[in-house]
Amino acid sequence: MPLYQLNSPKSEILDWWPIILGVLALYIPTFYSLANGIWTNQEHAHGPIILILSLWLIFRKWKIMIKKSDGQSASAFGWVILLVALIFYIVGGSQQVLILEIGSFILVLAAILLIKLGYVALKIMWFPLFFLLFMIPLPGVIVSFFTMPMKMAVSYVAENILFWANYPIARNGVVLQIGQYQLLVADACAGLQTLLTLEALGLFYLNLVHHTSIFRNVALAILIIPISFTANVIRVIVLTLITYHYGDAAGQGFLHGFAGMVLFISALILILGVDGLLQYFARTQHVNVILPVRNI
(Lines give C-alpha, C1' and ligand atoms only; values in the text may rest on other atoms or scores of the structure.)
Protein backbone atom coordinates (compact mmCIF):
# COMPACT_ATOMS: atom_id res chain seq x y z
CA MET A 1 0.00 0.00 0.00
CA PRO A 2 1.41 3.47 -0.87
CA LEU A 3 2.67 5.52 2.03
CA TYR A 4 0.37 8.45 1.30
CA GLN A 5 -2.61 6.22 2.10
CA LEU A 6 -1.08 5.24 5.44
CA ASN A 7 -0.56 8.83 6.50
CA SER A 8 -3.60 10.26 8.24
CA PRO A 9 -4.46 13.95 7.84
CA LYS A 10 -3.37 14.44 11.47
CA SER A 11 0.06 12.90 10.91
CA GLU A 12 0.45 14.89 7.70
CA ILE A 13 -0.26 18.13 9.58
CA LEU A 14 2.23 17.15 12.30
CA ASP A 15 4.80 16.49 9.59
CA TRP A 16 4.38 19.90 7.96
CA TRP A 17 3.53 22.25 10.81
CA PRO A 18 7.14 23.13 11.80
CA ILE A 19 7.83 24.13 8.16
CA ILE A 20 4.62 26.14 7.93
CA LEU A 21 5.38 27.96 11.19
CA GLY A 22 8.92 28.70 10.00
CA VAL A 23 7.69 30.18 6.70
CA LEU A 24 5.05 32.25 8.53
CA ALA A 25 7.64 33.55 11.01
CA LEU A 26 9.84 34.67 8.12
CA TYR A 27 7.24 36.26 5.88
CA ILE A 28 4.40 37.58 8.03
CA PRO A 29 6.44 40.78 8.66
CA THR A 30 7.08 41.05 4.90
CA PHE A 31 3.41 40.74 3.95
CA TYR A 32 2.39 43.03 6.79
CA SER A 33 4.67 45.77 5.45
CA LEU A 34 3.35 45.15 1.94
CA ALA A 35 -0.25 45.42 3.16
CA ASN A 36 0.56 48.78 4.73
CA GLY A 37 2.84 49.87 1.88
CA ILE A 38 2.69 49.31 -1.87
CA TRP A 39 -0.46 47.16 -1.72
CA THR A 40 -2.38 50.28 -0.69
CA ASN A 41 -1.33 51.79 -4.04
CA GLN A 42 -3.83 51.23 -6.85
CA GLU A 43 -1.09 50.04 -9.20
CA HIS A 44 -0.12 47.19 -6.85
CA ALA A 45 -3.53 46.41 -5.34
CA HIS A 46 -3.50 43.09 -7.23
CA GLY A 47 -0.70 41.78 -4.96
CA PRO A 48 -2.89 40.24 -2.22
CA ILE A 49 -5.23 38.80 -4.87
CA ILE A 50 -2.30 37.05 -6.56
CA LEU A 51 -1.11 35.71 -3.19
CA ILE A 52 -4.55 34.37 -2.23
CA LEU A 53 -5.13 32.75 -5.62
CA SER A 54 -1.68 31.14 -5.56
CA LEU A 55 -2.21 29.70 -2.09
CA TRP A 56 -5.61 28.41 -3.21
CA LEU A 57 -4.00 26.71 -6.21
CA ILE A 58 -1.40 25.12 -3.92
CA PHE A 59 -4.16 23.85 -1.62
CA ARG A 60 -6.11 22.58 -4.63
CA LYS A 61 -3.15 20.56 -5.94
CA TRP A 62 -1.87 19.44 -2.53
CA LYS A 63 -3.39 15.94 -2.40
CA ILE A 64 -2.37 15.21 -5.99
CA MET A 65 1.17 16.34 -5.18
CA ILE A 66 1.38 14.12 -2.08
CA LYS A 67 0.02 11.15 -4.01
CA LYS A 68 2.30 11.43 -7.05
CA SER A 69 5.44 12.24 -5.09
CA ASP A 70 5.05 9.23 -2.81
CA GLY A 71 8.15 7.08 -2.98
CA GLN A 72 10.10 9.73 -4.93
CA SER A 73 13.54 10.71 -3.68
CA ALA A 74 14.11 14.19 -2.31
CA SER A 75 16.49 16.56 -4.10
CA ALA A 76 19.60 17.88 -2.38
CA PHE A 77 19.55 20.77 -4.86
CA GLY A 78 16.72 22.17 -2.77
CA TRP A 79 19.23 23.12 -0.07
CA VAL A 80 21.15 25.22 -2.59
CA ILE A 81 17.96 27.02 -3.60
CA LEU A 82 17.07 27.52 0.07
CA LEU A 83 20.48 29.09 0.76
CA VAL A 84 20.07 31.47 -2.19
CA ALA A 85 16.53 32.31 -1.03
CA LEU A 86 17.71 33.17 2.48
CA ILE A 87 20.45 35.42 1.07
CA PHE A 88 17.84 37.17 -1.08
CA TYR A 89 15.61 37.50 2.00
CA ILE A 90 18.34 39.05 4.16
CA VAL A 91 19.57 41.45 1.47
CA GLY A 92 16.07 42.34 0.28
CA GLY A 93 14.72 42.90 3.78
CA SER A 94 17.67 44.94 5.02
CA GLN A 95 18.00 47.05 1.86
CA GLN A 96 14.25 47.21 1.12
CA VAL A 97 14.62 45.59 -2.28
CA LEU A 98 11.17 44.11 -2.80
CA ILE A 99 12.17 42.07 -5.86
CA LEU A 100 14.62 40.08 -3.73
CA GLU A 101 12.46 39.89 -0.62
CA ILE A 102 9.29 38.71 -2.39
CA GLY A 103 11.30 36.59 -4.81
CA SER A 104 12.87 34.79 -1.86
CA PHE A 105 9.38 33.69 -0.77
CA ILE A 106 8.86 31.89 -4.08
CA LEU A 107 12.32 30.29 -3.90
CA VAL A 108 11.72 29.14 -0.31
CA LEU A 109 8.52 27.38 -1.33
CA ALA A 110 10.27 25.71 -4.28
CA ALA A 111 13.19 24.65 -2.06
CA ILE A 112 10.86 23.12 0.53
CA LEU A 113 9.10 21.05 -2.12
CA LEU A 114 12.42 19.77 -3.46
CA ILE A 115 13.81 18.95 -0.03
CA LYS A 116 10.64 17.24 1.21
CA LEU A 117 9.19 15.58 -1.89
CA GLY A 118 11.53 15.95 -4.86
CA TYR A 119 11.19 17.12 -8.46
CA VAL A 120 7.77 15.56 -9.02
CA ALA A 121 6.20 17.84 -6.40
CA LEU A 122 7.85 20.89 -7.94
CA LYS A 123 6.60 19.87 -11.37
CA ILE A 124 3.03 19.65 -10.08
CA MET A 125 3.25 22.98 -8.25
CA TRP A 126 5.09 24.91 -10.96
CA PHE A 127 2.12 27.08 -11.95
CA PRO A 128 1.17 28.36 -8.45
CA LEU A 129 4.83 29.28 -7.90
CA PHE A 130 5.07 30.89 -11.35
CA PHE A 131 1.82 32.78 -10.68
CA LEU A 132 3.41 34.35 -7.58
CA LEU A 133 5.86 36.17 -9.89
CA PHE A 134 3.04 38.57 -10.82
CA MET A 135 3.06 39.73 -7.20
CA ILE A 136 6.60 41.13 -7.54
CA PRO A 137 6.67 44.87 -8.34
CA LEU A 138 8.78 45.71 -11.36
CA PRO A 139 11.67 48.23 -11.19
CA GLY A 140 10.57 51.80 -11.79
CA VAL A 141 12.85 52.17 -14.83
CA ILE A 142 11.15 49.29 -16.65
CA VAL A 143 7.67 50.50 -15.68
CA SER A 144 8.38 54.04 -16.90
CA PHE A 145 9.88 52.81 -20.18
CA PHE A 146 6.80 50.80 -21.17
CA THR A 147 4.06 52.81 -19.49
CA MET A 148 4.22 56.02 -21.54
CA PRO A 149 3.80 54.32 -24.98
CA MET A 150 0.93 52.26 -23.56
CA LYS A 151 -0.77 55.34 -22.14
CA MET A 152 -0.37 57.13 -25.47
CA ALA A 153 -1.92 54.20 -27.35
CA VAL A 154 -4.84 53.84 -24.91
CA SER A 155 -5.49 57.60 -25.02
CA TYR A 156 -5.41 57.62 -28.83
CA VAL A 157 -7.87 54.74 -29.18
CA ALA A 158 -10.23 56.10 -26.50
CA GLU A 159 -10.23 59.54 -28.13
CA ASN A 160 -11.06 58.16 -31.57
CA ILE A 161 -13.85 55.93 -30.28
CA LEU A 162 -15.49 58.79 -28.38
CA PHE A 163 -14.99 61.17 -31.32
CA TRP A 164 -16.69 58.61 -33.57
CA ALA A 165 -19.57 58.55 -31.05
CA ASN A 166 -19.95 62.35 -31.53
CA TYR A 167 -18.53 63.42 -28.16
CA PRO A 168 -16.68 66.77 -27.99
CA ILE A 169 -13.26 65.32 -27.24
CA ALA A 170 -9.67 66.23 -28.06
CA ARG A 171 -6.33 64.88 -26.97
CA ASN A 172 -2.94 66.34 -26.13
CA GLY A 173 -0.50 63.54 -25.39
CA VAL A 174 -2.11 61.55 -22.56
CA VAL A 175 -4.50 64.35 -21.58
CA LEU A 176 -8.08 64.02 -22.80
CA GLN A 177 -10.22 67.14 -23.10
CA ILE A 178 -13.94 66.35 -23.14
CA GLY A 179 -16.33 69.27 -22.85
CA GLN A 180 -15.09 71.45 -20.01
CA TYR A 181 -13.10 68.68 -18.33
CA GLN A 182 -9.48 67.63 -18.70
CA LEU A 183 -8.50 64.08 -17.78
CA LEU A 184 -4.97 62.79 -17.39
CA VAL A 185 -4.65 59.10 -18.27
CA ALA A 186 -2.74 57.89 -15.21
CA ASP A 187 -0.37 54.94 -14.92
CA ALA A 188 -3.00 53.00 -12.97
CA CYS A 189 -5.45 53.31 -15.88
CA ALA A 190 -3.15 52.11 -18.65
CA GLY A 191 0.18 51.16 -17.12
CA LEU A 192 2.38 48.12 -17.36
CA GLN A 193 1.31 46.82 -13.94
CA THR A 194 -2.32 46.82 -15.06
CA LEU A 195 -1.39 44.88 -18.19
CA LEU A 196 0.51 42.31 -16.11
CA THR A 197 -2.42 41.99 -13.72
CA LEU A 198 -4.80 41.23 -16.57
CA GLU A 199 -2.24 38.84 -18.06
CA ALA A 200 -2.17 37.04 -14.69
CA LEU A 201 -5.98 36.89 -14.72
CA GLY A 202 -5.91 35.27 -18.16
CA LEU A 203 -3.25 32.72 -17.21
CA PHE A 204 -5.16 31.86 -14.05
CA TYR A 205 -8.26 31.24 -16.17
CA LEU A 206 -6.26 29.01 -18.53
CA ASN A 207 -4.90 26.97 -15.64
CA LEU A 208 -8.34 26.66 -14.09
CA VAL A 209 -10.20 25.45 -17.20
CA HIS A 210 -7.25 23.31 -18.31
CA HIS A 211 -8.08 22.93 -22.00
CA THR A 212 -6.70 19.85 -23.73
CA SER A 213 -6.34 21.70 -27.03
CA ILE A 214 -2.80 23.11 -27.45
CA PHE A 215 -4.04 25.50 -30.14
CA ARG A 216 -6.71 26.88 -27.82
CA ASN A 217 -4.30 27.38 -24.92
CA VAL A 218 -1.57 29.04 -26.99
CA ALA A 219 -3.98 31.24 -28.95
CA LEU A 220 -5.76 32.46 -25.82
CA ALA A 221 -2.46 33.12 -24.02
CA ILE A 222 -1.32 35.29 -26.93
CA LEU A 223 -4.67 37.06 -27.29
CA ILE A 224 -4.68 38.01 -23.60
CA ILE A 225 -2.35 40.92 -24.46
CA PRO A 226 -4.78 42.67 -26.90
CA ILE A 227 -7.63 41.74 -24.56
CA SER A 228 -5.83 43.55 -21.72
CA PHE A 229 -5.28 46.58 -23.93
CA THR A 230 -8.97 46.61 -24.91
CA ALA A 231 -10.03 46.37 -21.26
CA ASN A 232 -7.82 49.37 -20.45
CA VAL A 233 -9.44 51.35 -23.28
CA ILE A 234 -12.89 50.46 -21.93
CA ARG A 235 -11.88 51.65 -18.48
CA VAL A 236 -10.61 55.00 -19.77
CA ILE A 237 -13.77 55.48 -21.86
CA VAL A 238 -15.98 54.69 -18.85
CA LEU A 239 -14.13 57.18 -16.65
CA THR A 240 -14.28 59.82 -19.38
CA LEU A 241 -18.02 59.38 -19.86
CA ILE A 242 -18.65 59.42 -16.10
CA THR A 243 -16.77 62.70 -15.79
CA TYR A 244 -18.51 64.21 -18.82
CA HIS A 245 -22.04 63.30 -17.72
CA TYR A 246 -21.79 63.48 -13.91
CA GLY A 247 -18.93 65.87 -13.23
CA ASP A 248 -15.35 65.73 -12.03
CA ALA A 249 -16.27 64.79 -8.46
CA ALA A 250 -18.01 61.63 -9.66
CA GLY A 251 -15.10 60.71 -11.92
CA GLN A 252 -12.52 61.09 -9.14
CA GLY A 253 -14.67 59.72 -6.34
CA PHE A 254 -16.39 56.42 -5.81
CA LEU A 255 -17.04 55.84 -9.49
CA HIS A 256 -13.27 55.96 -10.18
CA GLY A 257 -12.84 52.92 -7.97
CA PHE A 258 -15.82 51.31 -9.66
CA ALA A 259 -14.04 51.80 -13.00
CA GLY A 260 -11.37 49.41 -11.70
CA MET A 261 -14.07 46.78 -11.37
CA VAL A 262 -15.17 47.61 -14.90
CA LEU A 263 -11.62 46.90 -16.05
CA PHE A 264 -11.52 43.38 -14.63
CA ILE A 265 -15.12 42.53 -15.47
CA SER A 266 -14.68 43.64 -19.08
CA ALA A 267 -11.39 41.72 -19.31
CA LEU A 268 -13.04 38.58 -17.94
CA ILE A 269 -15.97 38.90 -20.36
CA LEU A 270 -13.56 39.37 -23.27
CA ILE A 271 -11.50 36.34 -22.21
CA LEU A 272 -14.63 34.18 -21.96
CA GLY A 273 -15.89 35.47 -25.32
CA VAL A 274 -12.61 34.87 -27.12
CA ASP A 275 -12.29 31.44 -25.50
CA GLY A 276 -15.77 30.59 -26.76
CA LEU A 277 -14.82 31.62 -30.29
CA LEU A 278 -11.63 29.56 -30.11
CA GLN A 279 -13.63 26.58 -28.90
CA TYR A 280 -16.01 26.93 -31.87
CA PHE A 281 -13.10 27.30 -34.29
CA ALA A 282 -11.21 24.34 -32.81
CA ARG A 283 -14.33 22.20 -32.94
CA THR A 284 -14.97 23.20 -36.58
CA GLN A 285 -11.38 22.36 -37.52
CA HIS A 286 -11.66 19.00 -35.73
CA VAL A 287 -14.84 18.15 -37.60
CA ASN A 288 -13.22 19.07 -40.92
CA VAL A 289 -10.27 16.81 -40.14
CA ILE A 290 -12.26 13.73 -39.18
CA LEU A 291 -14.85 13.96 -41.96
CA PRO A 292 -14.00 11.64 -44.86
CA VAL A 293 -13.16 13.24 -48.19
CA ARG A 294 -15.55 12.24 -50.92
CA ASN A 295 -14.34 11.86 -54.47
CA ILE A 296 -16.59 13.44 -57.06
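General remarks:
- Solvent accessible area, Å² - HIS245, 1.4 Å probe, full protein context: 100 Å²
- Rolling a 1.4 Å probe over the protein chains gives GLU159 an accessible area of about 40 Å².
- Accessible surface, 1.4 Å probe, highest first, among residues VAL141, VAL120, VAL108: VAL141, VAL120, VAL108
- Solvent-accessible surface (1.4 angstrom probe) belonging to MET152, in square angstrom, nearest 10: 80 Å²
- Sequence-separation-based contact order of the stretch 141-287, relative, with Cα cut under 8 Å and 6+ spacing, percent: 23 percent
- Additional length obtainable on full extension of the chain from THR284 to VAL23, 0.36 nm per residue less Cα span: 89.0 nm
- Förster radius 25 Å - calculated FRET efficiency between ASN207 and ALA186, Cβ distance, rounded to 0.05: 0.25
- TYR205, TYR119, ranked by accessible area, largest first (probe 1.4 Å): TYR119, TYR205
- Full-extension gain in nm, ALA249 to PHE77, via 0.36 nm per residue minus C-alpha separation: 56.2 nm
The values are calculated or read from the model by the stated rules, or taken from the named source; none is laboratory data. All values reported here derive from a predicted model rather than from experimental measurement. Glycine gets a Cβ as well: all are built from the backbone with ideal geometry, and neighbour counts include every protein chain shown. Calculation scope for accessible area: heavy atoms of the full protein, side chains included, ligands and nucleic acids excluded. Shrake-Rupley method; radii C 1.70, N 1.55, O 1.52, S 1.80 Å.
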